[in-house]
Every structure is written in C-alpha cells, then in structure tokens.
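Reading through the structure tokens given below for one structure.
The values are calculated or read from the model by the stated rules, or taken from the named source; none is laboratory data. In this text the structure is predicted, and so the values were computed from the model without any measurement. Methodologically, a virtual Cβ is constructed for each residue, glycine included, from the backbone with ideal geometry; neighbour enumeration extends over all protein chains shown.
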Amino acid sequence: MCGVETRINSVDGAEMCRVPAGVFKMGLSEPEIREYVSTRRTDPSSLKMMRPQRMVHLDEFWIYVRPITRAQFRRFVEANRKYEMPPDYHFLGPSEKLIMDDEYPVDSVNWFTAGAYCKWAKVELPTEAQWEKAARGVEGAFYPWGNEWDDSRANFDNRIGEKKAQPCRVDEYANGASPYGALQMAGNVKEWCQDRFAPYGYDEPPFKGVIGRLKFDHKPDLQDDPEVIRNPKGPSMGSSRVVRGGGWRNGNPDWAGLCTYRGAENPRNGYSDLGFRPVLVASDG
C-alpha cells in the first residue's frame, strides 16, 4: 500500500483513493481457473460467470476507501427527506440482536437509492470494471491482498469459534486492503455496481439477453480476449444489476471473496448484507 493517494469528497466527507489509468486483466483466465480449482474443492461451473478474461483499459478514477457508512447516509437522508434510514440492528438469533453504530456500513439500500445518494454526493456507482480493478490491481491476484485466502482479512460467515455471522465497522480488517488502499473489497457488505448483469460476451454478437437472476445462454466457446476494451459500461439489456465483493452472510468466503466474483440482484430490493461505495471519475473532479 506504499504510495496510496487519497482525497476527501467535500459533500459527504468520504475518503477516496486514486486508481490510475491503465490496462488490467478482468475476469479469470482458463489457467487461473485450473489453478484455483486444483487447490480448492470447487465446482468449476461456479466460476463460469467470471470468464473469459478480458484486457480492459480504464481512465483514472477515485474510489471510496470504505463502503458508505450509516453516518454518511444519514447526512444524505437529512438533505433528502423522501428517503429514510434503514434499521440500525440485525437479529443474530432468536434472542440476540446486534445494534449498529454510525461506523457500520449502511445496508438494505436498493440500487436506485444508492444512485440517488451518488447524485447528491456528486459521484457515481462504479462500473464493475472499475470495482474489479480497484479490488485486484494490475497484478491479477485472486484476492485484494494476494492469491491465498486468509480468514483474518475479510468479514464473512467463516464459522470460526462461537462468533455468529454479523457485519462489522468499516475500518476493521485493514490488513485486507486492496493495492490502492480500498478496504473491505472482500466481505462485510456486497456492493452495487452500475452495470446490468450479463455473462461476459454480452458485447459479442449474438447476445441473447438475460432471463431471470442467473439464467442465461452462455457461449461455451468464448476465449480469453487479448484485445483491449476501453471503459466498458456493461450491457444495454437485462433486469438485474451487478453486485460485487461478497457479504457477511456468505459461508463460502474463498469463492465469494474473489476479486472476480460476480453476483446479480433485483435493483428494487435491498438486503442486510448489501451496501455500496461510489467512485469519482477523474474528469469529474
């Protein structure tokens, strides 16, 4: 994390870290899939939505170091009275409740409300390409910190000891930071992205569209693409939106914690392990 550059968004007080312009490898290559499967009891089909690998060029941008907190979201609600604060608690069992303070990530916010926050804060939701580069960097590691899974670096339902699965404050697990200094890019809360969800290859004809949550026709002959794609924005069709990062309820952390992990959710729904973190495109700042 040496040389991490940061700045502050004057609207919501959030700290952002710089992600320089350049090319990175997005998605998993066939050799990476073989390497991953060889050391883990994983069905290769569970990785199909993370391939093929593509070379992607992104312009410079700044990403929030932390997911949006309850404190930051409260400032938005106070300035926009049509919105409400989500509950400040989670039930951990029949008689056990976690009360969350202002330094917990806001959750249970749908994609449209996350977008409204971004408009207020003069930022935007990241494309999934921006999100993945911010998490993975240009070296192409499996996880934000490297290629080996480490339970101590991310908040998932790891079932360690007596601790029950629960969210944590946004400054915890600092040892799991990404190469650019972004925290909790694996675990705690999943995060909304701009893009509609589709299998990779949506930008290659013929694309048959997305039917349902993860029901799609995937072209089995798609190959890793050496051609550079510039600033992809995702497909123009599809009802679900991309979520990234895996959440604290997930019990398969070395899979959901992958920088390449992709999920899809209904944009009208909010979930207790789903939040968001914005980006600022350099030209906007």
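Things worth noting here:
- A121 vs. criteria within 18 Å of V243 (Cβ to Cβ) and surrounded by 13 or more Cβ atoms within 10 Å (Cβ to Cβ): no
- Within the stretch 22-45, residues that are touching a residue at least 40 places away in the same chain (Cβ under 8 Å) reach partners that are hydrophobic (A, V, I, L, M, F, W, C) and assigned to a loop (DSSP other than H, G, I, E, B) with beta carbons closer than 7 Å, at six or more positions or on different chains, in the pairs G22/V138; F24/V138; Y36/F142.
- Near pairs, Cβ below 7 angstrom, 6+ apart or cross-chain, from the stretch 226-254 (at negative phi and touching a residue at least 60 places away in the same chain (Cβ under 8 Å)) to any residue that is surrounded by 15 or more Cβ atoms within 10 Å (Cβ to Cβ) and of a type in the set (K, R): I229/R54; R241/R196; V242/R262; R244/K190; R244/R262; G247/K190
- Check on A71, of a type outside the set (S, T, Y), free of Cβ contacts under 8 Å to residues at least 60 places away in the same chain and surrounded by 14 or more Cβ atoms within 10 Å (Cβ to Cβ): yes
For (1) among the acidic types (D, E); (2) in a strand (DSSP E or B); (3) modelled with pLDDT of 95 or more; (4) surrounded by 17 or more Cβ atoms within 10 Å (Cβ to Cβ), each residue gets a yes or a no:
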{"residue": "I160", "(1), (2), (3), (4)": "no, no, no, no"}
{"residue": "C168", "(1), (2), (3), (4)": "no, no, yes, yes"}
{"residue": "Q194", "(1), (2), (3), (4)": "no, yes, yes, yes"}
{"residue": "Y202", "(1), (2), (3), (4)": "no, no, no, yes"}
{"residue": "D221", "(1), (2), (3), (4)": "yes, no, no, no"}
{"residue": "P226", "(1), (2), (3), (4)": "no, yes, no, no"}
{"residue": "I229", "(1), (2), (3), (4)": "no, yes, no, no"}
{"residue": "V242", "(1), (2), (3), (4)": "no, yes, yes, yes"}
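- Just one residue in the set F24, F61 is touching a helix residue (DSSP H, G or I) at 6+ places or on another chain (Cβ under 7 Å) and crowded, with 22+ Cβ neighbours inside 10 Å; that residue is F61.
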